[in-house]
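Asks: Mind having a look at this structure? Questions to follow.
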Amino acid sequence: MKLDRRRFLGSSVGVAATAGVTAEWVWPKHTVSYRRPRSAVAVLNAAEYSVRIEALLLDGLRLFRLPVLGRSILLKPNLVEDLPGPVNTNSALIGAAARCFLRLGAVRVVIGEGPGHQRDTELVVQAAGLKPHLAERQIEFVDLNRDELRKVKLKANYSGLGELWLPSAVLESDFVVSMPKVKTHHWAGVTLSLKNMFGVVPGMKYGWPKNLLHWSGIHESILDICATVPIHFVIADGITAMEGNGPLQGSPRQLGKIVLADDPVAADATCARLMGFDPLRVRHLSEGGHFLGNLREDRIRMLAEEVGAPTRPFSVLPEFRYLLAVKG
Amino acid sequence: MEATSLAILCLLAERPSEAPRLGKLLSDVQLADGSWPSFVGDRESSWTTALAVCALNSVNDPSKARERGESWLLRTKGREGHWFWRWKFKTADRNVQFDPDKYGWPWISGSASWVIPTAFSIIAIEQFTVCNRSEESEKRIHLGVEMLLDRACVDGGWNSGNSLVYGVPLRPHVEATAIALLALQDEQRTEMIQKSLSWLRQNAASVDSVSSLAWCILTLFVYQEPIGGLKNRLATIIGNGRDIRNNATLATAILALKCGEMIHPFEVLR
């Protein structure tokens, strides 16, 4: 049989595709799947961080009928630096969330974070204004950079890391709530509930910043971490968000939304849409949509407000213009 | 190991006669390659090797542990120490601006050079080789100092090690600035060092977190700045110390409160 160039190329592509599918079948990239037939999202309108947030949040959380009675909750906010501006998840929202979970029957709420650059976690907690919210007896803060650690085999293999030492406070929690600040990110495109989980990786072992995760691939590390530490719920702070050169030096962007979701991929996809981005163009979201949760709008049930396109998309660095959703 | 090394430095001040036992605590958990891990139970080498060598320097440990630790430090470099990554950072990856020819020490192997591990490694090697410095040690100290100066923030001070990202200057951190200045104690007071010292002095007056304030005191003392008021403020913040849940922070605070009453653990004595 004569093999012309076109047939040869066609056969090569076919062989490569078959090899890829076989490799994925023999060595699957992930050993877990948290994707359900449908996920639920609620977008709440909140113009400012006021005392009314707690009541609003409680009403929003009640829409989900969360299984938190008698359970220990870990709130994982995004506390990065002692900087002004919308860098950190707002403390009023963190405090409100902690009190809401207690009111819903949780026995204990741990607020845990391991800032990625600033070694002095106390300074970040002070600057974020979190201290007054820790006065309640059943609410405590744990520095995830310096907690007791356990070595854990990762449940996905995108980064090649294989295993990570992770904090006991995270591994022992019954219910993990990721509380990101809605921001653009100069390495990952966006930082939302999935990227927020970088903060569970302990600085005591991996340093400040957790540079190994960057060398192993940011998107790949996000997928591996979130496969290993499943996020049960998301409360995203999009009241005052950040656009441009985030996550530290961007500009404030008044979005006026709190996004609640029982699925981190659905939460991040919704936030991305609110930012004017196409979630399929965020690499860890498009891949996470295969096993961490639901990305497609037809698999997301909106419990409160529908997601409309923003009047003006979030500004991005030139390198991330590809994230912008095509109009129409 | 960070907490253990700092705690040994504190205990040494209280009970100098315990020095051999404290030294043995560290040498018992040294890894086969001469390094120390981040914590007991881990098998991977880490930046805490520099702190452990500093502690053994204070203990004046007679065993070979210090020598092996210093030898590991001399062999270890940030990832940009490899020609391929240096080439990549010079040509393709310019979003974070720095000179990759000037490298120091990483937190763990496989990561780039960062300010705090580099600063402690410089101090550890300088202390250990103060009486007899090899050319190799001198070269690494020099390269580490160059790296610190290259990574300084635009208006002075240091953060974890990124001064300019996408052309925008990043802000310094108190703790990283204090520790970097400790490592530069023997250097000529260039404009950058003066600016950084001035930034630290200014921020020390308002910082209220235990760790950052303690490192300010330890550094400003070495630079012969007044620290009495800062020590009083630190003592007030700490109270009886019960609220400090991190032993590394507690030990740093004790060292800061004893500053001036004991041999400074991070001073390079000549």
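Asks: List every residue pair whose Cβ atoms lie under 7 Å apart, where the two residues are 6 or more positions apart in sequence or sit on different chains, the first residue falls within the stretch B:94-119 and is within 12 Å of B:ASN162 (Cα to Cα), and the second residue, located anywhere, is β-branched (Val, Ile, Thr) and at pLDDT below 95.
Replies: B:ASN95/B:VAL165; B:VAL96/B:VAL165
Asks: Checking B:HIS82 against (1) within 14 Å of chain A (Cβ to nearest Cβ); (2) touching a helix residue (DSSP H, G or I) at 6+ places or on another chain (Cβ under 9 Å), only one condition comes out false. Which one?
Replies: Against the list (1) within 14 Å of chain A (Cβ to nearest Cβ); (2) touching a helix residue (DSSP H, G or I) at 6+ places or on another chain (Cβ under 9 Å), B:HIS82 comes up short only on (2).
Asks: A further question on this structure: When the stretch A:46-74 is examined, which residues are found to be in contact (Cβ under 8 Å) with a residue 60 or more places away in the chain, out of contact with any Leu (no Cβ under 9 Å at 6 or more places or on another chain) and closer than 15 Å to A:LEU102 by Cα?
Replies: A:PRO67, A:ARG71, A:SER72, A:LEU74 - these are the residues of the stretch A:46-74 that are in contact (Cβ under 8 Å) with a residue 60 or more places away in the chain, out of contact with any Leu (no Cβ under 9 Å at 6 or more places or on another chain) and closer than 15 Å to A:LEU102 by Cα.
Asks: Would you point out the residue of the stretch A:181-197, among those that are within 14 Å of another protein chain (Cβ to nearest Cβ) and under 18 Å from A:PRO86 (Cβ atoms), that is surrounded by the fewest Cβ atoms within 10 Å (Cβ to Cβ)?
Replies: A:HIS185
Asks: Could you list all residues from the stretch A:122-135 that are within 14 Å of chain B (Cβ to nearest Cβ), in contact (Cβ under 8 Å) with a residue 24 or more places away in the chain and over 19 Å from A:VAL176 (Cβ atoms)?
Replies: Passing the criteria: A:LEU123, A:VAL124, A:VAL125, A:GLN126, A:ALA127, A:ALA128, A:GLY129.
Asks: Within the stretch A:153-174, can you find the residues that are surrounded by fewer than 19 Cβ atoms within 10 Å (Cβ to Cβ), part of a strand (DSSP E or B) and more than 14 Å from chain B (Cβ to nearest Cβ)?
Replies: A:LYS153, the sole residue that qualifies.
Asks: Check off (1) surrounded by 15 or more Cβ atoms within 10 Å (Cβ to Cβ); (2) more than 9 Å from chain A (Cβ to nearest Cβ); (3) modelled with pLDDT of 95 or more for B:LYS139 and give me the number that stays unchecked.
Replies: Going through the list (1) surrounded by 15 or more Cβ atoms within 10 Å (Cβ to Cβ); (2) more than 9 Å from chain A (Cβ to nearest Cβ); (3) modelled with pLDDT of 95 or more, B:LYS139 breaks only (1).
Asks: Every residue in the stretch A:136-152 that is of a type in the set (Lys, Arg) and either surrounded by 15 or more Cβ atoms within 10 Å (Cβ to Cβ) or at the interface with chain B (Cβ under 9 Å from one of its Cβ atoms) (or both), please.
Replies: A:ARG146, A:LYS151
Asks: Select the helices (runs of 4 or more DSSP H) contained entirely in the stretch B:203-268, then report the ones holding at least 2 residues which are within 14 Å of chain A (Cβ to nearest Cβ) and of a type in the set (S, T, N, Q).
Replies: B:210-222, B:247-257
Asks: Please indicate, with yes or no, whether at least one residue in the stretch A:96-109 is within 13 Å of chain B (Cβ to nearest Cβ), crowded, with 23+ Cβ neighbours inside 10 Å and not aromatic (Phe, Trp, Tyr).
Replies: no
Asks: Could you please find all residues in the stretch A:203-232 being within 14 Å of chain B (Cβ to nearest Cβ), surrounded by 22 or more Cβ atoms within 10 Å (Cβ to Cβ) and at pLDDT 95 or above?
Replies: A:GLY203, A:MET204, A:LYS205, A:TYR206, A:GLY207, A:TRP208, A:SER221
Asks: Can you find a residue in the stretch A:17-36 that is acidic (Asp, Glu), out of contact with any helix residue (DSSP H, G or I) (no Cβ under 6 Å at 6 or more places or on another chain) and modelled with pLDDT under 95?
Replies: yes
Asks: Sticking with this one: All but one of (1) crowded, with 23+ Cβ neighbours inside 10 Å; (2) more than 14 Å from chain A (Cβ to nearest Cβ); (3) not hydrophobic (A, V, I, L, M, F, W, C) hold for B:GLN185; which doesn't?
Replies: Result: B:GLN185 fails condition (1) only.
Asks: Of everything in the stretch B:162-192, what is touching a Phe, Trp or Tyr at 6+ places or on another chain (Cβ under 9 Å), part of a loop (DSSP other than H, G, I, E, B) and in contact (Cβ under 8 Å) with a residue 60 or more places away in the chain? Give them in sequence order.
Replies: Of everything in the stretch B:162-192, those that are touching a Phe, Trp or Tyr at 6+ places or on another chain (Cβ under 9 Å), part of a loop (DSSP other than H, G, I, E, B) and in contact (Cβ under 8 Å) with a residue 60 or more places away in the chain turn out to be B:ASN162, B:SER163, B:GLN185.
Asks: Tell me which helices (runs of 4 or more DSSP H) are completely within the stretch B:26-125 and hold 1 or more residues being hydroxyl-bearing (Ser, Thr, Tyr) and either surrounded by 18 or more Cβ atoms within 10 Å (Cβ to Cβ) or modelled with pLDDT of 90 or more (or both), or say none if there are none.
Replies: Qualifying helices (runs of 4 or more DSSP H): B:48-59, B:65-75.
Asks: Do we have B:ILE123 as more than 19 Å from B:ASN203 (Cα to Cα), touching a residue at least 24 places away in the same chain (Cβ under 8 Å) and touching a Phe, Trp or Tyr at 6+ places or on another chain (Cβ under 7 Å) here?
Replies: Criteria met by B:ILE123.
Asks: Return the residue satisfying two criteria in turn: it lies in the stretch A:286-318 and is farther than 21 Å from A:LEU44 by Cα and touching a Gly at 6+ places or on another chain (Cβ under 9 Å), and of such residues it is modelled with the lowest pLDDT.
Replies: A:LEU317
Asks: What single numbered condition from (1) without any contact (Cβ under 8 Å) to a residue 60 or more places away in the chain; (2) surrounded by fewer than 22 Cβ atoms within 10 Å (Cβ to Cβ); (3) over 17 Å from A:MET179 (Cα atoms) fails to hold for A:ASP82?
Replies: Only one criterion is unmet by A:ASP82, namely (2).
Asks: Is it the case that B:GLY157 is at pLDDT 95 or above, touching a helix residue (DSSP H, G or I) at 6+ places or on another chain (Cβ under 7 Å), within 14 Å of another protein chain (Cβ to nearest Cβ) and surrounded by 13 or more Cβ atoms within 10 Å (Cβ to Cβ)?
Replies: yes
The values are calculated or read from the model by the stated rules, or taken from the named source; none is laboratory data. As the structure is a computational prediction, the values presented were derived from the model and not from experiment. Ideal geometry is used to build each Cβ from the backbone, glycine not excepted, and the neighbour counts take in all protein chains shown.
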